[in-house]
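> Dropping the structure in here first, questions after.
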Amino acid sequence: MLNVTLFSRANCHLCEQAKADLQALQDEIPHTLFEIDIESDPAIQKKYFDKIPVVEVGVYRLKAPFTRADLRMT
């Protein structure tokens, strides 16, 4: 099973859409989702502040904006 990490923050509509898209892909591509709030760590916030949502799957990383098709391919 794949491990997928979603870097996001509260009140981010793009983050909510990314999470919904990942949930929609769950049956097709089973994965474990780990969600990290960038505001929980100053270093992570600095790294991803203007790039969220960010999705990491293994060595692959998607930065906003991306589509469900981009998620599927990753």
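The values are calculated or read from the model by the stated rules, or taken from the named source; none is laboratory data. Given the structure is predicted, the values throughout are model-derived calculations rather than measurements. Please note: Cβ atoms are built from the backbone with ideal geometry, for glycine as well, and neighbour counts cover all protein chains shown.
> Output yes when any residue across region 50-64 is in contact with a strand residue (DSSP E or B) (Cβ under 7 Å, 6 or more places away or on another chain) and either farther than 13 Å from SER8 by Cα or among the polar types (S, T, N, Q) (or both), and no when none is.
yes
> LEU2 fails exactly one of the following numbered conditions: (1) in contact with a His (Cβ under 7 Å, 6 or more places away or on another chain); (2) of a type outside the set (Val, Ile, Thr); (3) modelled with pLDDT of 95 or more. What is the number of that condition?
(3)
> Which residues, counting only those in region 17-39, are of a type in the set (Gly, Ala, Ser) and within 17 Å of ALA64 (Cα to Cα)?
Within region 17-39, ALA18, ALA20 meet the criteria.
> Just to verify a result, which residue in region 11-59, among those that are among the basic types (Lys, Arg) and more than 15 Å from THR74 (Cα to Cα), is farthest from the chain's Cα centre (by Cα)?
It comes out as LYS46.
> For region 1-18, how many residues meet the condition of being part of a strand (DSSP E or B) and under 9 Å from PRO53 (Cα atoms)?
Count: 3.
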